[in-house]
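Below is one structure, written out as structure tokens; comments come after it.
The values are calculated or read from the model by the stated rules, or taken from the named source; none is laboratory data. What you are looking at is a predicted structure, and each value in this text was computed from that prediction instead of being measured. All Cβ positions, even for glycine, are placed from backbone atoms using ideal geometry, and neighbour counts span all protein chains on display.
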Amino acid sequence: MLSHASSPRPTAESSTPRPPTSGGVPQEQATILVVEDDPTLLTTLSYNLLREGYRVLTAADGEAGLALARQELARLDLVVLDLMLPKLSGLQVLRHLRAETNVPILILSARVEEQDKIDGLELGADDYVVKPFALRELLARVRAGVRRRAVPAAQPPSVLFRGPLRIELERRRVLVGEQEIPMRPKEYGLLVALAFAPGRVFGRQDLLDAVWGEDVIVDDRTVDVHISWLRGKLSAAGLEARAIQTVYGAGYRFVIPEQTAHLAAPGSDGGGRSRS
């Protein structure tokens, strides 16, 4: 299933780290959770990740994996997640985790169909590796995921105020006044990307790279479909339809929306007019 030079050794659920044997391992020890029901593969991955210098946690089913992820959330740097798991599927675990954390998630799957990969990435996975795989490639992807987690990003605002629209970034909530607008992950990602830079024109490829990822192959018409859904939800919440404008031949731009009169009480500021 995978190629490697090391013999697997059993590992505990949380093991004492071994010194790193290769360059590129983060100096501060990173914690990786591996959720995999194949005991041989689980042992092999755990052993080799320990040799790379990581702290490794393991679970053999979806329920245990989700519980362990929640327990270790403050220390977790990456989740390696099989899709076909007992008790709770990998996709269900992914949905739960994405609602609670932005920890990088690398999917392992024997499913080779493109739609399976798209489904996993749509739900918020950061990477997708098809079984069988080369161990060196997987370890390289793990290192890349941990590095992305470790790089300190510029501190973004916790809330974006765009006219009557309020986007709570840390809680991944979108509200007009007190009304929360339910969003699919990609709809939310598109809204945040556009709203961060009002007036800027984003091409479809810009939005695909920002929301779907540069390495994901998706038809650019997918952006149009998601924008249509997003406009419908904003309009249903009482915002003007022109909040997301089409710039023909170029892409889309976000303009500070106005609120329809029936949602704003007389003398009210609409529950969220721009404060910055």
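Tabulated data
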{"quantity": "Any chance residue 232 is assigned to a helix (DSSP H, G or I), modelled with pLDDT of 90 or more and over 23 Å from the mean Cα position of the chain (by Cα)", "calculated": "yes"}
{"quantity": "Complete set of residues in the range 33-65 that are of a type in the set (A, V, I, L, M, F, W, C), over 16 Å from residue 106 (Cβ atoms) and in a helix (DSSP H, G or I)", "calculated": "50, 64"}
{"quantity": "Filter result for residue 217 (modelled with pLDDT under 80 and part of a loop (DSSP other than H, G, I, E, B))", "calculated": "yes"}
{"quantity": "Some residue of the range 107-116 being among the small types (Gly, Ala, Ser), assigned to a helix (DSSP H, G or I) and touching a strand residue (DSSP E or B) at 6+ places or on another chain (Cβ under 8 Å)", "calculated": "no"}
{"quantity": "Selection status of residue 179, touching a strand residue (DSSP E or B) at 6+ places or on another chain (Cβ under 7 Å) and among the polar types (S, T, N, Q)", "calculated": "no"}
{"quantity": "Any chance residue 224 is exposed (fewer than 12 other Cβ atoms within 10 Å of the Cβ), in the same structural domain as residue 183 (by TED's automatic domain parsing), out of contact with any Leu (no Cβ under 8 Å at 6 or more places or on another chain) and without any contact (Cβ under 8 Å) to a residue 40 or more places away in the chain", "calculated": "no"}
{"quantity": "Residue match in the range 162-176 (condition: part of a loop (DSSP other than H, G, I, E, B), acidic (Asp, Glu) and exposed (fewer than 14 other Cβ atoms within 10 Å of the Cβ))", "calculated": "yes"}
{"quantity": "Count of residues meeting criterion [crowded, with 18+ Cβ neighbours inside 10 Å and not polar (S, T, N, Q)] in the range 89-110", "calculated": "11"}
